[in-house]
Amino acid sequence: MIIDQQTRKELEFDTICEQLSLHCKSQKAKENAQHLSVFKSLELVRKEHAILKEIADVYELGVNQIPHPKSDDIDRALHLLRIENGVLTLDELLKVYQLCIGTKQLIDYAQRNKSEYPNIYEACSHIYSVNDIISLIHEILDDKGFIKDDASPRLKQVRAQITSLEIEINKNFNRVLRKYKKDEIIGDIEETVLEDKRLLSVLSQHKRRVAGKVIGASARSTYTYIEPQENIELNKRLYQSILDEKNEIFAILADITDKLRSRENDLKAFQRLLVRFDLYHAKVLFGRSYQGVLPRVTDRASSYWQDAKHPLLFLKNEELGIKTIGQTIELSEEKRFLVISGPNAGGKSITLKTVGLLQVMFQSGLFVPCDDVSMCGWYNQILSDIGDNQSIENQLSTYSYRLGRMKFFLDQSNEQTLLLLDEFGSGSDPELGGALAEVFYEELYEKHCFAVITTHYTNIKILTAQKEEALNACMLFDNKELKPLYQLSIGQPGSSFTFEVAKINGIDESYIAKAKEKVSEQKLKIDELTVSLQKEKSKFKKVNTSQFKASEKAKRAIKEYENKLDRLQEKAEQQRKYFEQQNKFVNAGKKVFDLIKKHKHHKTNKLLYEAAKKFIAIEKNKVLKAEKPVVFNKKLKQPELPGKKVTKPVAEEIQKKKESVAKIEEIPMIEVGAKVRVKNHKDLGIVKEVTKKKVSVFMGNFVLEVPKEDVESV
């Protein structure tokens, strides 16, 4: 898919990417967002939408939130793993560890919610070895990210020595400090620390009275800092032990680095996964900020935007408390050229940009600010010519630049191209420029490309009306209030409202009257007729739009209701099965407890064991009977015993017994855990509690309390 740098700039897609990056946590995801590109195929867009929809659903529900861990850059760690004698620093190892923990959180979530969010699960399903790497690192790191004392036997021994030396040093120091304080030769600041040693802060005039080594003095030499004699040797030993600790930690890090070298590809995969999901989260969060949706998708090169808004304009207006007016725009193979006319500052250019930007956002896998009935297809090229692009470097005028751009369009355009042409044909003599614009229009039209064009040229409006696959549109203008309405109306060209706009901007009416005198009467009548048609079209447009929206909302509401009903019924059935199973367990447990209670006073457990074996045999027989299919004799319509023929007298006897059993079964036997049917309810329920007159029944997510006569055993 082609979208050149000029089009990205003109559609402000780079600004969209910058805004998107603000919602990313990791630096790599920010960089990916800032350089976001369009997908290469519609199938990839569909896959992106599938994952984004599931993540958006999680945010919408507000519970069971999907993890969004921050992924620190581990490129330096990966570089060290590639160097033969490279050793990870503790900081780099911690980054690797945090990456693994974040990856584990994500894949655990995906595994737990596999059935509900299959696309999230599939995106994580290629990750296998994260637990192995976490276990490997956890052997030497504690939960706070420090090297464990028992990371190696040598480290454990060295740290024990350090602890012992520190205790002895502090004990000596505190004893000496108390002694010299009593002699009043210690300053107000009793001690200081230099070179990682506790030093006495001695009044300089008394320094000769203190046994020890002078390490330094205060700025004005008021205090002399002395290492007590008792600690000089101990501090040397402590210093050596600390060096030994650092050396041992380096050896431990070198060992873990060697073990991780074979896991380099796994670590790369972890980082790619977290960066990818960081960008997914950013897309969802950014989309929520401008009320974006994932539109319906079609394989055809076409677009239907309902209530489409420019996202940057929406965000700006949101800050100012201004409502953003949405536009309904459609491009199809039957109507592939849309020519928009109307007054300056009436919204033509922003409407054109909205079409292009929303299409690029869609093909980049971003949420789009429009109604969710909107539908979008695929274009292999999106190219634009918007605004004043005068080139100072190449000494090109605006018109020269636009001619060069037009040549590019004529060379590149095909049936999979979307062109966005603002102020088509402008920049030269109106009559001559209009004639050349008409030629360009014809050539582009014959290439079967798609285009949204804004223009003031009457000949282009007339040409559009003559083309079967082209359509005029205009930006509406309020004649009474003399102000643009920023609303697109499809079906007829618009007036430029030249004199009305002049009046808004304070041009004296006498000048306007003189100008009208210079315009032919026929031109004025055509302009007035156009304005009149615009008003009528606007009225019908409002009615049709209102009816269409109501119809679409009704369809969506019905579909949502049916989907919710299916989900609730499925959930209710699952809960019913769960409660039924739990009640079976409770009843079985109760029977076992009754057996224990019955035999608790016996001296031996022999009778209890016998009763338990009998109970288990009975329960097993019930399970086998429930699983065994019943075989019927086709002639007698009765169950046939295995290995025996059922004779007529025997069959009659079976039938009598069956009828007597049926009479007994007519008496309702309702107990806790039984499956029942409640009057006026089509679904079955599970008995929760039985009283003299009423029964409490689990029905889906609810508990109903009903009279006994309204309950029927199943």
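Ranked highest first by average number of other Cβ atoms within 10 Å, how do 96-102, 299-305 line up? Show your work: numbers first, answer last.
Details: 96-102: 21.1, 299-305: 18.6.
Highest-to-lowest ranking by the protection proxy: 96-102, 299-305.
When you restrict to C-alpha pairs under 8 Å that are six or more residues apart and normalise by the size of region 150-241, the relative contact order lands at 27 percent.
A protection proxy built from the mean count of other Cβ atoms within 10 Å ranks the segments 344-352, 611-619, most packed first, as 344-352, 611-619. Summarising the label geometry, the points placed 7 Å from Cα in the beta-carbon direction at Lys467 and Tyr239 lie 8.7 nm from one another.
Which of rounded, prolate, oblate describes region 668-714, given a ≥ b ≥ c as roots of the alpha-carbon gyration tensor eigenvalues and a/c under 1.5 marking rounded, otherwise prolate only if a/b is larger than b/c? Rounded is the answer for region 668-714, as its axis ratio a/c remains below 1.5.
For the pair region 670-701 and region 542-592, the centres of their Cα atoms are 20 angstrom apart. Within the straight-line cut-off of under 14 Å between alpha carbons, the aspartates and glutamates reachable from Lys9 are Glu18, Asp385, Asp388, sequence neighbours fewer than 8 places apart in one chain being disregarded.
Our compactness index for region 151-202, the C-alpha radius of gyration over the empirical 2.2 N^0.38 Å, is 1.50. Basic side chains Lys and Arg get +1 at the Cβ, acidic Asp and Glu get -1 at the Cβ, and with that the dipole of region 668-714 about its Cα centre reaches some 60 debye.
Among the listed pairs Lys283/Lys335; Lys335/Lys564; Lys28/Lys246; Lys28/Lys144; Lys144/Lys283, a Cα-Cα separation exceeding 27 Å is found for Lys283/Lys335; Lys335/Lys564; Lys28/Lys246; Lys144/Lys283. The ranking of Thr163, Thr257, Thr192, Thr604 by Cβ neighbour count inside 10 Å, starting from the fewest, reads Thr604, Thr163, Thr192, Thr257. Inter-label distance, Ile232 to Gln5: 7.1 nm, where each label sits 7 Å from its Cα along the C-beta direction. Packing-based ranking of 378-385, 166-173 yields 378-385, 166-173, ordered from highest to lowest mean Cβ neighbour count within 10 Å.
Under 5 Å between amide hydrogens, built in the peptide plane, is the criterion, and for Ile2 it picks out Gln381, Ile382 among residues at least 5 positions away or on other chains.
For Thr328, the residues whose modelled amide H falls within less than 5 Å of its own, excluding neighbours fewer than 5 places apart on the same chain, are Asp307, Ala308, Leu488.
Under the classification rounded if a/c is under 1.5, otherwise prolate if a/b is larger than b/c and oblate if not, where does region 150-241 fall, given a ≥ b ≥ c as square roots of the Cα gyration tensor eigenvalues? Prolate is the answer for region 150-241, as a/c is 1.5 or above and a/b outweighs b/c. Looking at the square roots a ≥ b ≥ c of the eigenvalues of the Cα gyration tensor of region 43-98, which shape do they give, rounded for a/c under 1.5, prolate if a/b is larger than b/c, or oblate? Judged from the Cα gyration tensor, region 43-98 comes out oblate (a/c at least 1.5, b/c at or above a/b). Among Phe440, Phe698, sorting on how many other beta-carbon atoms sit within 10 Å of each Cβ, with the fewest leading, yields Phe440, Phe698.
Read-outs throughout are calculated quantities, based only on the coordinates presented, and are distinct from any laboratory measurement. Keep in mind it's a predicted model, so treat the numbers as computed, not measured. FYI the Cβ positions are ideal-geometry reconstructions off the backbone, even for glycines, and counts take in every protein chain you see.
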